[in-house]
Amino acid sequence: LVDHFVANSKFVADRILRTYDRTAEVLYPPVDTDKFTPATRQRVHFLAGGRLVRYKRIDYAIRAANALTVPLVVFGDGPDRRRLESLAGPTVHFTGAVDHPTLVSLIRSAWAFLYPGIEDFGILPVEVQAAGTPVIARGAGGALESVQHKNTGLLYDASPRDPTSQIKALSSAMLESMSRTWSPAACRDHAQQFSRPHFEREVTELLKRLGFELANGDSCG
């Protein structure tokens, strides 16, 4: 018997409520925001990537970049890479797996990070914002909690069963993002609420509320 449910997002907490008829406390996962910091770079491309699997819908990002004929860099590797490469037009470039400094450089030089899939929470969008870059995400799942619409990115809505609608909505958001002036400081400030120290404080407070006695100086870290 579960005494207390903890979820990594409101999206998951709602699923727990619907499945088990139990409420869950939301505790966002820790993100190493100190490893992703802003720096002045010329913005020259859109960015997408991570683990290249179908449910992340990176194909929508590629099709949107094709339609707009704008540069898109796709980083990472995975079982969907070959299919994604077959969809790519001349403005889409695949890097494969990249090391951390290269990833940070790609983020800093991106107009925005494209996030067209649905995740329970999603660490990458927070890392991107910590580096001062906005996120364009489908307005569903954990992105509703990790991205502040029109402040640290754009959340777009489209028919979930219609790929054409998804690609059109993403394309419109990409154009809108390029017409806006984004604040790297605002993006980073927002990301900091998901930092590891913040997570550790919240875990410690949760354990205390649940009746666990911690020795002086002890914390979840």
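The values are calculated or read from the model by the stated rules, or taken from the named source; none is laboratory data. What you see is a predicted model, and the numbers here were worked out from it, not measured in a lab. FYI the Cβ positions are ideal-geometry reconstructions off the backbone, even for glycines, and counts take in every protein chain you see. Calculation scope for accessible area: heavy atoms of the full protein, side chains included, ligands and nucleic acids excluded. Shrake-Rupley method; radii C 1.70, N 1.55, O 1.52, S 1.80 Å.
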Relative contact order of the chain, pairs being alpha-carbon contacts under 8 Å that are 6 or more residues apart, as %: 22
Quick one: pull the percent of accessible area on segment 95-176 belonging to carbon and sulfur, 1.4 Å probe, ligands and nucleic acids left out. 52
Applying the Karplus parametrisation 6.51 cos²θ - 1.76 cosθ + 1.60 with θ = phi - 60° to the phi angles of segment 86-93, what ³J(HN,Hα) value in whole Hz is obtained for each residue in order, glycine and proline being reported as x? 5, 8, 6, x, x, 9, 9, 10
With a 1.4 angstrom probe the carbon and sulfur portion of accessible area for segment 3-76, in percent, totals 49
Which of Ser177, Ser159, Ser195 moves the most in a Gaussian network model of the chain with Cα springs under 10 Å? Ser159
Which listed residue (Pro116, Gln42, Thr164) has the Cα farthest towards the positive end of the charge dipole for the chain, taking +1 on Lys and Arg C-beta and -1 on Asp and Glu C-beta about the Cα centre? Thr164
Quick query: amide H of Gly117 versus all other amide H atoms, modeled in the peptide plane; which residues come in under 5 Å with a sequence gap of 5 or more or a different chain? Arg138
Rounded to the nearest 20 debye, dipole of the chain from Cβ charges on Lys, Arg, Asp, Glu: 820
Solvent exposure of the chain as accessible area per residue, Å², 1.4 Å probe: 51
By the Cα gyration tensor axes a ≥ b ≥ c (a/c under 1.5 gives rounded; else a/b larger than b/c gives prolate, otherwise oblate), the shape of segment 27-110 is oblate
Taking Lys and Arg as +1 and Asp and Glu as -1, residues besides Ser109 with C-beta under 12 Å from its C-beta add up to +3
Dipole in debye (nearest 20) - segment 107-209, about Cα centre, beta carbon charges: Lys, Arg +1; Asp, Glu -1: 160
